[in-house]
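Undergrad: Handing you a structure now.
The values are calculated or read from the model by the stated rules, or taken from the named source; none is laboratory data. Everything quoted here is computed from the prediction, not taken from an experiment. Neighbour counts run over all protein chains shown; Cβ positions are idealised from the backbone, glycine included.
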Amino acid sequence: MNESLHQLLVHVDASPHTPARLAVARSIAQSQGAALNALYAVTPSLVAVPFAPEAGAEIAATLSEIDDEHRDIARKKFDQALAGADLRTAWAEAVDIPVVTAFAQQALYADLLVLGQHDPNEGAWSGVSFDFVETVLAMSGKPALVLPYEDALDKVGDNIVIAWKPTREAARAVAAAVPLLQRARKVHILAWPTEEARVGGASLDLDGYLRQRGIEAVWHREGGGEPEFLGELLLSRAFDLQADLLVMGCYGHSRAREWVLGGTSRTVLRSMTLPVLMAH
């Protein structure tokens, strides 16, 4: 029996990337019978723009009007993307600052988040921090489907690649992806030689985990140890396999109150060419 997602949470803003996030979320929600909630989480201009509070009442009023306009644009995109959809949908807006904290707390009640890759062409005016995705992943512990800001697809999950290593992060990503993996046409597993603790007798493995859930996967066991430039290689191999979704763990740690990504996760989030389902 197929497992299902029940609640999606989509990050929306006024950027041109929001419709793609909503289109993908709509497709997933319809196939899974899930509810779709959109959360407008954008830092107000008075906070995002340096020295704005000291610029005077007239400037503050102008910035407030811009914020209202951006919120209206995002709401219009939400209404257009979900028009006619036979779904349970809802709209909400982050009120408290920082908005990433509000989003991360709401994420605790969702099965899957739908987020967007940071677009380096957008400045502080966008109201979305460059590390929004990794901060939400670290704060919430929930899995997220991250869409590239270029060449986003309306539908994902037909041909899925799993980047596997025996770690907590990778296992959590695979578990979160099961409802998508069960509906995929093809599933591939990319793995490099890794030392695992030996177990006497009948041991558990990823193949058995997937087969118990009706998922048949094709293994691609790469030669040698884990390469130095694994992020670039994962994206290249996913492209070779014509994948439309990469499933992987998100690795990093907290250092001096700052979230520091591992090299592979950082590379994939910076250079991703396909949607990536990540879990920390």
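Undergrad: Among the hydrophobic types (A, V, I, L, M, F, W, C), at pLDDT 95 or above, closer than 18 Å to VAL136 by Cα and in contact with a strand residue (DSSP E or B) (Cβ under 6 Å, 6 or more places away or on another chain): is that true of ALA25 in this structure?
TA: Details: among the hydrophobic types (A, V, I, L, M, F, W, C): yes; at pLDDT 95 or above: yes; closer than 18 Å to VAL136 by Cα: yes; in contact with a strand residue (DSSP E or B) (Cβ under 6 Å, 6 or more places away or on another chain): yes.
Taking the combined requirement at face value, the residue satisfies it.
Undergrad: Further question on the same structure: Return yes or no: is ALA104 surrounded by 18 or more Cβ atoms within 10 Å (Cβ to Cβ) and touching a strand residue (DSSP E or B) at 6+ places or on another chain (Cβ under 8 Å)?
TA: Values: surrounded by 18 or more Cβ atoms within 10 Å (Cβ to Cβ): yes; touching a strand residue (DSSP E or B) at 6+ places or on another chain (Cβ under 8 Å): no.
No; evaluated as a whole, the condition is false for this residue.
Undergrad: Out of all the residues in the range 206-228, which are in a loop (DSSP other than H, G, I, E, B), under 25 Å from LEU181 (Cα atoms) and modelled with pLDDT under 95?
TA: We begin by selecting, within the range 206-228, every residue in a loop (DSSP other than H, G, I, E, B); these are 212-217, 222-228.
Still in the list and also under 25 Å from LEU181 (Cα atoms): 212-217, 222, 226.
Once the filter is applied, which keeps residues that are in a loop (DSSP other than H, G, I, E, B), under 25 Å from LEU181 (Cα atoms) and modelled with pLDDT under 95, the range 206-228 yields GLU222, GLU226.
Undergrad: Looking for whichever is modelled with pLDDT under 95, crowded, with 19+ Cβ neighbours inside 10 Å and at positive phi here; the options are GLY157, GLY127, GLY201. Which one fits? Lay out the reasoning, then the answer.
TA: Details: GLY157 fails: modelled with pLDDT under 95; GLY201 fails: crowded, with 19+ Cβ neighbours inside 10 Å.
Result of the check over GLY157, GLY127, GLY201: GLY127.
Undergrad: Only one of LEU245, LEU210 is touching a Pro at 6+ places or on another chain (Cβ under 7 Å) and farther than 20 Å from ALA138 by Cβ. Can you tell me which?
TA: Values: LEU210 fails: touching a Pro at 6+ places or on another chain (Cβ under 7 Å).
Just a single option satisfies the conditions, and that option is LEU245.
Undergrad: Go through the range 56-171 and tell me which strands (runs of 3 or more DSSP E), entirely inside it, have 1 or more residues that are of a type in the set (A, V, I, L, M) and within 23 Å of HIS280 (Cβ to Cβ). Walk me through how you get there before you give the answer.
TA: Numbers: elements: 89-93, 112-116, 144-147, 159-164.
Here the list reads 112-116, 144-147, 159-164.
Undergrad: Here is a follow-up. Which strands (runs of 3 or more DSSP E) sit wholly inside the range 235-276 and have at least 2 residues that are at pLDDT 95 or above and in the same structural domain as ARG172 (by TED's automatic domain parsing)?
TA: Details: elements: 245-249, 252-255, 258-261.
Hits in the range 235-276: 245-249.
Undergrad: Residues being more than 17 Å from the chain's Cα centre (by Cα) and surrounded by fewer than 17 Cβ atoms within 10 Å (Cβ to Cβ): count how many of those fall in the range 17-43.
TA: Here the count works out to 3.
Undergrad: Residue under question is PRO120, and the condition is that it be without any contact (Cβ under 8 Å) to a residue 12 or more places away in the chain and closer than 30 Å to SER236 by Cβ; does it hold? Let's see the steps before the verdict.
TA: Values: without any contact (Cβ under 8 Å) to a residue 12 or more places away in the chain: yes; closer than 30 Å to SER236 by Cβ: yes.
For PRO120, the condition - without any contact (Cβ under 8 Å) to a residue 12 or more places away in the chain and closer than 30 Å to SER236 by Cβ - is met.
Undergrad: Could you check how many residues of the range 80-101 are of a type in the set (D, E, K, R) and surrounded by 12 or more Cβ atoms within 10 Å (Cβ to Cβ)?
TA: Taking the range 80-101 first, the residues of a type in the set (D, E, K, R) are 86, 88, 93, 96.
Narrowing further to those that are surrounded by 12 or more Cβ atoms within 10 Å (Cβ to Cβ): 88, 93.
Result for the range 80-101: 2.
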